[in-house]
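Working notes, structure below.
The values are calculated or read from the model by the stated rules, or taken from the named source; none is laboratory data. Since the model is a prediction, treat every value here as computed from it, not as a measurement. Cβ: placed from backbone, ideal geometry, glycine included. Neighbour counts: every protein chain shown. Ligands, DNA and RNA are stripped out before the accessible areas are found, and what is left, the full protein with its side chains, is counted by its heavy atoms. Shrake-Rupley method; radii C 1.70, N 1.55, O 1.52, S 1.80 Å.
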Amino acid sequence: MPKLGDVAQKVRSKNAGPFWLTVDIFCGDKNAYKCVVEGFSTLQVARIFRAEPQLIKRFDIPDLNVVKFSLPRPKTQGASADRDIHGASWAALLTEAEIGTTETRSKK
Amino acid sequence: MVRVLIPSGALGLDYDSEALQRGIAAKPDIIAIDGGSTDSGPSYLGRGISKYARSSTKIEWAGLMQARAEADCPLVIGTAGTCGTDSAVDWMLDITREIAAEQGRPVKVAVLRSSQEPEQIAADFDAARVTPLPNAPDIDANLIASCSNIVALAGAEQITEALNTGADVVIAGRTTDTAIIAALPLQKGCHPGGAWHGAKIGECGALCATNPQSGVILIDFDTEGFTVTPLADGAHATPHTVSAHMLYENSDPFILYEPGGHLDVTNAHYRALDETSVRVIGSMWVPSEQYTVKLEGARGAGFQTVLMALLREEHYVANAHIWAEDIVEKCSAKARDRLDVTSDDFTIEIRLIGKTASFGSLETKHVIPTEVGAIGIVTAKTECLSGEIAKLLNPYMLHHPLTLEEEVPTFAFLFSPAEMPRGEIYEFVLNHVLHLENPMDAFTLEVHNLA
């Protein structure tokens with residue numbers, strides 16, 4: 001299965017204040033956008049971050065070919081258990097996650 | 001129309017001087033620059049200090065004070081000194097005083113203060129005037145009172161008050177990033193949705209355009225919307241770069257909460273005017289029934305000492321986790337045994353760079369690296385205890401064997417002494433809003449005439 005980073009142009013994560021993390025998936029074009037919208041679920045994001053799925057906000061933005069997720073920060077920014085003050089490295093976990101494309105899903 | 005010149009996303013990040021000159025020639029009505037945010041972590045707010053070098057801040061601020069004089073318009077900085085506490089505002093005022101003397105030009109400075117008394121905010125919490133935002137930590141009045149610094153984020157109303165003093169320069173404590181840009185357009189009757197939306201697009205300087213490092217942008221606000229133009233050579237704004245900027249560090253790309261209401265850009269329309277400028281209309285401002293300001297607070301969370309060791313031998317690189325867990329267990333037991341302390345008084349953690357330092361147990365990629373960096377982190381209630389436990393940890397990180405049978409290993413220490421005190425550490429404790437009867441209730445304003 002392809003990884004999200006193989007399909008999307010760029011995945012970026014940043015703090016949205018000290019208590020929230022936001023991840024922007026820039027798909028690049030319509031095909032990649034469709035692939036991500038259909039093949040990358042909110043539940044998958046919840047599993048990756050061990051977050052409560054109902055707390056994750058998801059925005060599919062066709063005008064920008066962007067899928068955006070916002071979730072409570074895994075640890076509050078700068079708390080002693082936090083490992084990344086600016087929250088930018090978290091994107092790598094999504095970039096390396098496998099994405100179920102429409103084709104691979106229909107084969108199952 | 002109101003023309004706002006924004007030199008960069010933050011004072012301390014530098015700006016393109018040629019582009020700034022172009023901005024001055026365009027006769028702006030105000031120059032606005034942000035001085036900080038929470039993005040660098042709780043220590044700056046906890047200690048009430050700037051993250052940027054004083055020298056850089058002074059050079060860049062002197063350039064902007066000169067630009068202000070040439071453009072004959074006010075200059076405003078929001079969230080002065082990274083965190084916007086009174087101490088950071090005083091630091092900025094001190095720098096301003098030095099520059100005014102050096103430039104030989106009298107300057108009227110309005111100072112807007114945002115620091116709050118923790119005891120007062122604790123009382124407000126008990127009186128239900130402090131309410132939580134989504135994913136706020138569970139707190140009580142005692143915890144609020146233990147904060148070393150609390151600031152309230154001023155909005156456009158408080159910045160307008162400061163501008164109304166007729167000041168040449170406004171030094172504001174903590175404000176929302178947008179308020180310093182939106183205030184004048186709002187006061188002059190520009191479209192409210194356009195004022196806040198343009199302010200959000202402009203608050204990071206040229207980050208909303210190509211060549212984002214160039215900094216300087218110009219935004220024209222009017223009764224329908226706004227037009228954004230980056231001023232550096234080779235920088236272009238396009239409908240895509242401008243609309244995509246709403247994603248940046250925002251948990252919701254369409255809604256932005258501000259004191260007194262929220263911005264909704266769901267129906268905003270972005271149009272290229274030419275190769276450089278973008279016109280935006282259709283943004284909406286929705287006033288709220290209650291006037292609230294967001295609070296930020298930080299408090300001491302213990303004292304930290306760190307040590308670093310490098311593991312290069314294959315056997316230890318492959319088994320670094322077992323090694324680290326064993327050290328933490330044995331050293332914690334020794335600390336309890338020798339120092340008359342309990343587990344509540346300290347924590348010892350070892351993070352393994354090259355393995356799981358970034359994500360801990362969330363890591364999904366597992367490979368054997370060439371070497372592993374081990375960071376020992378001791379956090380304790382007092383500085384003395386933190387240092388003492390770090391010294392207990394030292395011989396483990398230098399010599400701890402995986403098994404008793406093998407020869408005692410020696411790992412690489414990078415420094416002597418190996419223990420690096422980090423002083424007091426801080427944590428953010430507030431993600432709340434404070435309800436106000438009048439916008440100025442939590443803020444104070446003073447005027448200084450600098451000669």
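Observations, loosely collected:
- Exposure rank, largest accessible area first [B:443, B:413, A:59; 1.4 Å]: B:413, A:59, B:443
- Column: log10 I(q)/I(0), Debye, Cα scatterers of the range B:39-177, q = 0.10 Å⁻¹: -0.38
- Accessible surface of residue A:6 - all protein chains present, 1.4 Å probe, nearest 10 Å²: 110 Å²
- For chain B: Kirkwood Rh in Å [reciprocal of mean 1/r, alpha carbons]: 24.2 Å
- Heavy-atom accessible area order for B:329, B:289, largest first, 1.4 Å probe: B:289, B:329
- Stokes-Einstein D in µm²/s, Kirkwood radius over Cα pairs - the range B:279-381 at 37 °C with 0.692 mPa s viscosity: 188 µm²/s
- Cα-based values for the range B:236-324, radius of gyration first and Dmax second, are 24.4, 65 Å.
- Calculated log₁₀ intensity ratio I(q)/I(0) where the Debye formula runs over C-alpha points of the protein assembly as shown, q = 0.09, 0.10 Å⁻¹: -0.76, -0.92
- The Cα center of the range B:368-425 and the Cα center of the range A:8-75 differ in position by 38 Å.
- Sequentially through the range B:24-31, phi angles give Karplus couplings (6.51, -1.76, 1.60; θ = phi - 60°) of 5, 5, 7, 6, x, 8, 6, 10 Hz, Gly and Pro residues having no value and appearing as x.
- Size of the A/B contact, given as accessible area buried on both chains, probe 1.4 Å, in Å²: 3100 Å²
- Amide H within-cut-off set for residue B:76, under 5 Å, with H built and near neighbours excluded: B:31, B:32, B:33, B:170
- Take the Cβ atoms of residue B:119 and residue B:408, set R0 to 41 Å, and the FRET efficiency comes out at 0.15.
- Here the range A:4-105 has 50 percent of its accessible surface on carbon and sulfur atoms, given a 1.4 Å probe and all protein chains in place.
- The ellipsoid that matches the Cα gyration tensor of the range B:290-338 has semi-axes, each √(5λ) in whole angstrom, of 39, 18, 10, with the longest given first.
- Helical runs (DSSP H, four residues minimum) scored at -39500 (n - 2.57) apiece and divided by the length of chain B put the mean residue ellipticity at 222 nm at -9500 deg cm²/dmol.
- 0 to 90° range, to nearest 10: angle between helix B:192-202 axis and chain B longest Cα axis: 50 degrees
- Per residue, chain B exposes 42 Å² of solvent-accessible protein surface, assessed with a 1.4 angstrom probe and all protein chains in place.
- Each residue of the range B:296-312 was assigned a 3J(HN,Hα) from its phi angle through the Karplus curve 6.51 cos²θ - 1.76 cosθ + 1.60 (θ = phi - 60°); the sequence is 10, x, 9, 9, x, 10, x, 10, 10, 9, 10, 10, 10, 9, 10, 9, 10 Hz, with glycine and proline shown as x.
- From largest to smallest, the equivalent ellipsoid semi-axes obtained for chain A from the alpha-carbon gyration tensor read 25, 14, 12 Å.
- Rounded accessible area of residue B:337 (nearest 10 Å², 1.4 Å probe): 120 Å²
- Placed amide H near residue B:422: partners under 5 Å, 5+ positions off or other chain: B:304, B:305, B:306
- Principal-axis tilt of helix B:383-399 within chain B, Cα atoms, nearest 10 degrees: 50 degrees
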